[in-house]
Every structure is written in C-alpha cells, then in structure tokens.
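Asker: Let me begin by handing over the structure; questions about it come next.
The values are calculated or read from the model by the stated rules, or taken from the named source; none is laboratory data. For clarity, every value in this text was computed on a predicted model and none was experimentally measured. Backbone-built Cβ (ideal geometry, glycine too); neighbour counts: all protein chains shown. The protein model used for the area step is the full one, side chains on, heavy atoms only, and it has no ligands, DNA or RNA in it. Shrake-Rupley method; radii C 1.70, N 1.55, O 1.52, S 1.80 Å.
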Amino acid sequence: MNAERRVLVVEDEAKLAALLCDYLRAAGYETRVAEDGPSALQAFVDHPPAAVLLDLNLPGLDGMEVCRRLRHDSAVPILMLTARADEIDRIVGLEIGADDYLCKPYSPREVVARVGALLRRSQGRLAGAAGASPTSRLEVGGMALDDAGQRAWWRGQALPLTPIEWRLLRTLLQQPGRVFARAQLLDAIHADFRDVSDRAVDSHVKNLRRKLQTAMAGPDCIATVYGVGYRLDVPPAAGSSAPSA
Ligand code: CA
C-alpha cells in the first residue's frame, strides 16, 4: 500500500464517509475510515496516512482533541471538516493546529482539491529532501530554516512548527525587519486558496510567536505593527555580536 497516497477519513456519518472515500479513490488515493476519535488515533499509528480529513463532531473524542493529539507529535496535513463556522479560528489557530478547514455542506470535489493541495506541499518537501538537488538553507542571526525538510532551528534547537507556521516563518525570515501586511502573510501560508480570514493569520502568528518565545526563553521577536501586520526581528546567534540582518 502506498502511504504517500493514503488518506485517513475520520467521519462518524457512514454515508458521508463513503461518499468522501469514493471521490478520493477516484482521484487515486487510498482511503481508511475511522468512525470515532479513539479509532482515528489508533488508525493513525497502525497505518500512518499522508493526510487526515477530520470531522469536528465525533463520538468518543471530538475532532479538536484528535487534532491536538495528532499535532502533538506529527506535522501530517490535517483538513478539518466542520459545521461550526464559529470555531474556524480556533481550528486553524493557536489551540488546534489544523492546516485547513471546510465548512459543511462542502462539495466532495472541493475536499479532494484541498487534500491535493496539502499533499503537494508536504510531498514536495519530501521529494526535495530525497533528491540530489542542493538543500536550500536560510540562516539569519540565530535562526536557521531548511526548505527540503521544512524544518527550522533556533541556535541549533529544532522548532516544533506546523507546516503553516513554517511557511509563515520562512516568509518573515526572508526579509527580517520588514513589515508584512496580513494579506501578504495570507498569500504566503495559503497559496492555493483564499477563504481564510485575517484572524486566522493572527492565530497562526500567535502560535508561532509562542513557540519562538519558548525556544528563545524570553524575547518576543515578532512585532505587531498596529493596523498593518507583523515584523520579525531575529536576535543574533549565540556568542555573536554581529547585527542580525
Ligand atoms: Ca460528525
């Protein structure tokens, strides 16, 4: 079985799960269904998928908790399916860490398109890591970022970022000290689709900021520019007195 094409569909409505699987298989994916939270976590371990479709309202353990637990030790792309529009910012933001969402009722075709977009991003970086092409690496001050593996480090310590946070950091780090408007950051993190709110950007920035602060043990290096957006100021590498940019 081809794990790179495997999608875990977590949905307790059997008819809906079957419909999604039909469309996904027609597009060349292998599917597995989990009908509740605990079996989703088990299926994730037993048959690691390349992407997860996750319904928010599930028996056993709800989709938010499943997402939180998956995200705890995996950067697997997660597409959240929800009927609760009021939860969107939490879903893609600080607390949950899903990569994308769709509100019910959604079209199965749109679901397949979103899964494709998430996989192109995550498998593009895998192909880059395995290929012979030189690794592209960005280093600014004490921060390093590697394109091939989509990883990031602060003074050699790996940063536990989600794919969206990584893209956000990469954008900010390409021009440290520059102020980026939310719309520009939105483009950077959601290249394939646009229906994500400015508040979702704020949530991702908040999450990234928290992780950087934890790693750096103190300083907040992402400045909020009121009414405009955000700016990254990178502290120098350890033991260095050189300016950061
Ligand atoms: Ca449900």
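Asker: Working carefully through the options Ala17, Ala34, Ala40, Ala50, find the one that is within 18 Å of Asp99 (Cβ to Cβ), within 16 Å of the ligand (Cβ to nearest atom) and either open to solvent by less than 20 Å² (accessible area, probe 1.4 Å) or at pLDDT 95 or above (or both).
Answerer: Ala40
Asker: Okay, moving on. Consider Leu58 against the criteria (1) of a type outside the set (Gly, Ala, Ser); (2) within 20 Å of the chain's Cα centre (by Cα); (3) buried (at least 18 other Cβ atoms within 10 Å of the Cβ): it satisfies all of them except one. Which criterion is unmet?
Answerer: All conditions are met except number (2).
Asker: For region 83-108, how many residues are assigned to a loop (DSSP other than H, G, I, E, B) and modelled with pLDDT under 70?
Answerer: The total comes to 3.
Asker: Residues of region 58-77 being in a loop (DSSP other than H, G, I, E, B) and either touching a strand residue (DSSP E or B) at 6+ places or on another chain (Cβ under 8 Å) or of a type in the set (Asp, Glu) (or both), which ones?
Answerer: Result: Leu58, Asp62, Val76, Pro77.
Asker: Yes or no: region 89-108 includes at least one residue that is over 30 Å from Arg210 (Cβ atoms), open to solvent by 20 Å² or more (accessible area, probe 1.4 Å) and more than 16 Å from the ligand (Cβ to nearest atom).
Answerer: Scanning region 89-108 turns up at least one residue that is over 30 Å from Arg210 (Cβ atoms), open to solvent by 20 Å² or more (accessible area, probe 1.4 Å) and more than 16 Å from the ligand (Cβ to nearest atom).
Asker: Right, something else. Across region 1-14, what is the total count of residues that are within 15 Å of Gly63 (Cβ to Cβ) and surrounded by 15 or more Cβ atoms within 10 Å (Cβ to Cβ)?
Answerer: 5
Asker: Kindly provide the set of residues from region 220-239 that are closer than 20 Å to Gln175 by Cβ and at pLDDT below 80, ordered by number.
Answerer: Answer for region 220-239, where residues must be closer than 20 Å to Gln175 by Cβ and at pLDDT below 80: Pro235, Pro236, Ala237.
Asker: Any residue in region 67-84 that's assigned by TED's automatic domain parsing to the domain that holds Glu110: show its pairings with residues that are basic (Lys, Arg) and at pLDDT 85 or above at Cβ separation under 7 Å, as long as the two are six or more apart or on different chains.
Answerer: Pairs that qualify, where the first residue is assigned by TED's automatic domain parsing to the domain that holds Glu110 and the partner is basic (Lys, Arg) and at pLDDT 85 or above, are Leu79/Arg114.
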